[in-house]
Structure formats: structure tokens, C-alpha cells
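Student: Below you'll find the structure I mean.
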Amino acid sequence: MQFANPQEARDFLERHPEVRSIELMLIDANGIPRGKLLHRDELLAIYENGRPLPSSILSLTIQGEDVEESGLVWEVADADCWTYPLAGSLTLQPWRAVPTGQLQVSMHPTQGLPATPGDPRHVLVRAIEALRADGYHPVMAVELEFYLLDKQPDANGRPQPAIQMNGVRPQAPQVYGVYELEQVQPFLDDLYAACEVQGLPVRTAISEYAPGQLELTLEHRFDALQAVDEGVRYKRLVKGVANKHGLQACFMAKPFGDLAGSGMHMHVSLADAEGNNLMASELSDLEGRQGTLLRHAIGGMMATLDDALAIFCPNANSYRRFQANSYAPLAKSWGVNNRTVSFRVPGGPANSRHVEHRICGADANPYLAAAAILAGIHKGIREQIDPGAAIVGNGYEQARETLPTDWLTALRNLEGSSWAREALGEDFLKVFLAIKWAEFRQFMGEVGEQDWRWYLNHA
């Protein structure tokens, strides 16, 4: 793993004498940035010597609580583990009222022990390197859906879509509505400007399938690791810009029972070392059963989907997305130019051919999701797995093998998967599952509003 050159820090400090604080962030197993706010005088030393962080920082639940079963807390005396900066990650946070920098770090392969195996970025590096060893260079892009919510809940204490510029709180989806985009123009303008500052290739904005729901696409990258790094930083940026506008950006998979959920669509293809698309093909070539690289890639993703579902849908709420006719796929299925399937092959020219993986919730960790996708593709290519016939028409009505729709089944599938242990690393899987089982026990032990509504007087 390559870390940043100290000259990057020297140049940044010289260009930005106004910056006094630097947000140092490490991405944990849940995809949450964890870290510290540092003084500018500490920056160069991090590049030269690294920065210690406690091993337990990679052993936290989504609520930020220690998980002792991970082996990264008391068992190792919560030892300091060394992190180093990622090249190109030092930038400004333009949404801050006071000039502030941002720096992403990752665990050092050896100096970061014992926490290194719990770093999700290392898991993705492992999957990319395995493909490259066989001559395949993954190309990826990330799409993220999210809700813009008021910071203040409604009269019932529940979240609600943010009031628009016209003073109206949206009540209807107005999918692809341009007027709706106009109503959040100040937020979008600041978002695009912040992405420019951070070098994030954000492109099209869409009003999605629910009031207050948006989707912005990031441009594909020949370097898959770069693409996912940018997806992670984009998510941090969206939350920051929303906060500046007095709003809350929500990446919860299903914040409203009667409205569309939010997904993370991952676009992936394979190239050679020169950047030529190895999946390039005419759509007509996919209608037969000949063993193309693209078909084998889809076959591998389908074959590993049950095992990887707890990665793609990592939380209890994730499974509330899986409802018929909701644009959240319910089955192991693929098709051409079809948004009712799990693995969509978009139209367009032959040299742009790729697969859109549509399973992940917006709450998934992009590093882990990408790693599981690429490892599934690799398996499909090695074993020449055929995905079967493409779905034509409504995939919800033609579902042949539906997905598990509960958290417990998904976690058990991941726990029992020999493929996952090999693909993601046994040491990482131990940490991840310890975290998720701790969350599961806590979630199931909590009694809330729905329990009282259903059972208080009727049980």
C-alpha cells in the first residue's frame, strides 16, 4: 500500500496559511469516519512518522461502542496502531465556517498491527490486487441516493423532508422533476463547488423516487480504489454541506416505510493494463449463452450474492428496502437495460459496456461492498460461471431465486461462507462479524414504538 509523500503536506501548509485545524479521518467497518481534529503544526509529522490511533477505533458498533469480542480492545490492551496519510486525500472542507483541512489515513500493513486486518480499505486493496495478478484492472463508479431532511423532527418526533426554497415541504415523489432540483439549488451549488475543491468528479443530479430524495453520480475511474476513495469522501462532503445549510443528509437505507429506500449502485467493468474495456461487446452478444467475460462476471456476483448480502445490506434497516416494485431488486437476476433486476447491463456503445450492481443500500461501506463485488466477479471468471438467461420485462414477477430479506439469515450466511473468508480475509471477517453480532443483539434487545403499538394491548 502506497502512502503520501511529505511534500504534499508542505505544499498544502504553504498554500493555506489560513488553515488552523485538520480533520484526520479513518474509515471503520461500518463506513463511518473516525478520527481527530488536529492543529496544523501536527500535519507534517503525520506524513513523516505516521499517527497512532487506538486499535479499538476499528472495533466499534454503528453507535460508536467498543466490541470486546473483536479482539481489538482489552485483549491487545487497546494498543496504539500507526496510520499514514493516503496520497491526494489532503484537501479543504469548504463547508466549514472556519478554514479546515481534511486528511484520510489508513492503517500501515505492519506498524498498524493488530488493527490492520480490521481496516476495510485493506480488504478492497486485497480484492483489486488479486484481479490485477490475473491481468484484470477493475474500473468502477459509485452512485449514492440520500434524503435531505430537516434537522427538526415533525410533531410526532419523526424525520421529515426538508422545506424547499418555495417554503413548501415536498409530499410527492416528483421523480426526475427539474423544478424540485431548482428548489434545492443553493444546496446543490455549494455541493458542486465543494466537490470541485476536493477534486471529486460529481456529475448528474437527479430528483429521485421520493420527496426530498436525491442522487448524484460520480464519474467512473480506471483505478477502482480511487473511485471508492472518492465515494467515501463524497459521502462525508454531502453531510458537511447539508449541515451548513441547516439540513441533514440521510443515507439510511429505508428512513420512511411508505417511501422509496436509498441505494448505492456500483458500476463495474474490467480493463487491461492499457485501459481497454475487456467487457466491451454489443448487446446482441449477450443474448446467446456464449461464455463472455461479462456473463461470467455476472455469474460470479450471482453465485456469491447470498454470502455477501450482509456486506451489501449491513444493518437491520437495510432489509426494509426489499419490497416489490420499489426499484430495490429482490432476486438473483440480471438483464439488459432493466432496472427491475439485481445486475443491470446498461445500453450504450459497446466500449462502455459494464454491469450496474443494484443490491447495496446507501448504508453499506463502499470499501467492503466493492471488495465483495470484485471478489465475486473474480470467482465467476475463474470458474466460468454462467448466470443463466437474462430477465426480459418485469423482474419482480419473474423472480426465480429470491434474496433473504432479514438481517439474521444474511449474517449467518456470511459467517458460514468459506468464499467470504478467502475473499475478505479471515481476520477481517472475525472483526466485522463480532461488530455485527454485537449490533444484532443490541437491536433485538431494544423495545420501541412498534412493539408498543402492536403488542401492548393486543398480545
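Student: Within the stretch 389-398, identify whether any single residue is modelled with pLDDT under 95, over 21 Å from PHE322 (Cβ atoms) and in contact with a Lys or Arg (Cβ under 7 Å, 6 or more places away or on another chain), and answer yes or no.
Tutor: No, the conditions are met nowhere in the stretch 389-398.
Student: Would you pick out the residues in the stretch 132-163 that are more than 30 Å from GLY376 (Cβ to Cβ) and aliphatic (A, V, I, L, M)? Give the steps one after another, and end with the answer.
Tutor: Within the stretch 132-163, the first condition is being more than 30 Å from GLY376 (Cβ to Cβ), and the residues that meet it are 148-163.
Once the filter is applied, which keeps residues that are more than 30 Å from GLY376 (Cβ to Cβ) and aliphatic (A, V, I, L, M), the stretch 132-163 yields LEU148, LEU149, ALA155, ALA162, ILE163.
Student: Now, a different point. Are any residues in the stretch 170-193 modelled with pLDDT under 85, in a helix (DSSP H, G or I) and of a type in the set (S, T, N, Q), and if so, which ones?
Tutor: First, pick out the residues of the stretch 170-193 that are modelled with pLDDT under 85: 170-184.
Narrowing the set further to residues that are in a helix (DSSP H, G or I) leaves 178-183.
Hit for the stretch 170-193 is GLN183, nothing else.
Student: Moving on to the next point. Condition first: more than 19 Å from TYR367 (Cα to Cα), crowded, with 20+ Cβ neighbours inside 10 Å, not assigned by TED's automatic domain parsing to the domain that holds ALA316 and not β-branched (Val, Ile, Thr). Can you find one or more residues in the stretch 41-48 that meet it? Break it down stepwise before answering.
Tutor: From the stretch 41-48, those more than 19 Å from TYR367 (Cα to Cα) are 41-48; that's our starting set.
Of the ones still in play, those that are also crowded, with 20+ Cβ neighbours inside 10 Å are 43, 46-47.
So of that shortlist, the ones also not assigned by TED's automatic domain parsing to the domain that holds ALA316 come out as 43, 46-47.
With not β-branched (Val, Ile, Thr) added as a condition, the list becomes 43, 47.
Yes, the stretch 41-48 contains a residue that is more than 19 Å from TYR367 (Cα to Cα), crowded, with 20+ Cβ neighbours inside 10 Å, not assigned by TED's automatic domain parsing to the domain that holds ALA316 and not β-branched (Val, Ile, Thr).
Student: Given the condition under 23 Å from VAL228 (Cβ atoms), over 22 Å from the mean Cα position of the chain (by Cα) and in contact (Cβ under 8 Å) with a residue 60 or more places away in the chain, answer yes or no: does some residue in the stretch 98-106 qualify?
Tutor: Initial filter on the stretch 98-106 (under 23 Å from VAL228 (Cβ atoms)): 101-106.
If we keep only those that are over 22 Å from the mean Cα position of the chain (by Cα) as well, we get 101.
From what's left, in contact (Cβ under 8 Å) with a residue 60 or more places away in the chain: 101.
The answer is yes, given that some residue of the stretch 98-106 is under 23 Å from VAL228 (Cβ atoms), over 22 Å from the mean Cα position of the chain (by Cα) and in contact (Cβ under 8 Å) with a residue 60 or more places away in the chain.
Student: Determine the pairs where a residue that is under 27 Å from TRP437 (Cα atoms), located within the stretch 69-94, has a partner that is in a helix (DSSP H, G or I) and of a type in the set (Val, Ile, Thr) with Cβ atoms under 6 Å apart, the partner being 6 or more residues away or on another chain.
Tutor: Going by the 6 Å Cβ cut-off, the qualifying pairs are SER70/VAL431.
Student: So, one more: Please go through the stretch 194-205 and pick out each residue that is touching a residue at least 40 places away in the same chain (Cβ under 8 Å) and either among the hydroxyl-bearing types (Ser, Thr, Tyr) or in a helix (DSSP H, G or I) (or both). Spell out the reasoning first.
Tutor: The initial filter retains those residues of the stretch 194-205 that are touching a residue at least 40 places away in the same chain (Cβ under 8 Å), namely 194-195, 197-199.
Hits for the stretch 194-205 are ALA194, CYS195, VAL197, GLN198.
Student: Taking the stretch 226-248 as the region of interest, how many residues are within 13 Å of PRO33 (Cα to Cα) and within 13 Å of the chain's Cα centre (by Cα)?
Tutor: 7
Student: Since ALA364 meets every condition but one in (1) part of a helix (DSSP H, G or I); (2) assigned by TED's automatic domain parsing to the domain that holds SER262; (3) closer than 29 Å to GLU230 by Cα, which condition does it not meet?
Tutor: The number of the failed condition is (1).
Student: Could you list, in sequence order, the residues of the stretch 1-50 that are β-branched (Val, Ile, Thr) and within 29 Å of the chain's Cα centre (by Cα)?
Tutor: If we filter the stretch 1-50 for residues that are β-branched (Val, Ile, Thr), which is where we start, we get 19, 22, 27, 32, 46.
Result: ILE22, ILE27, ILE32, ILE46.
Student: Before we move on, is LEU92 farther than 24 Å from TYR234 by Cα, of a type outside the set (D, E, K, R) and either modelled with pLDDT of 95 or more or in contact with a Leu (Cβ under 7 Å, 6 or more places away or on another chain) (or both)? Before you say what the answer is, go through the steps one by one.
Tutor: On the way: farther than 24 Å from TYR234 by Cα: no; of a type outside the set (D, E, K, R): yes; either modelled with pLDDT of 95 or more or in contact with a Leu (Cβ under 7 Å, 6 or more places away or on another chain) (or both): yes.
Against the criterion (farther than 24 Å from TYR234 by Cα, of a type outside the set (D, E, K, R) and either modelled with pLDDT of 95 or more or in contact with a Leu (Cβ under 7 Å, 6 or more places away or on another chain) (or both)), LEU92 does not qualify.
Student: Scan the stretch 78-88 and tell me whether some residue there is at pLDDT 95 or above, under 26 Å from MET252 (Cα atoms) and under 26 Å from the mean Cα position of the chain (by Cα).
Tutor: no
The values are calculated or read from the model by the stated rules, or taken from the named source; none is laboratory data. Since we're looking at a predicted model, the values are computed, not measured. Heads up, the Cβs are rebuilt from the backbone with ideal geometry, glycines too, and the neighbour counts pull from every protein chain shown.
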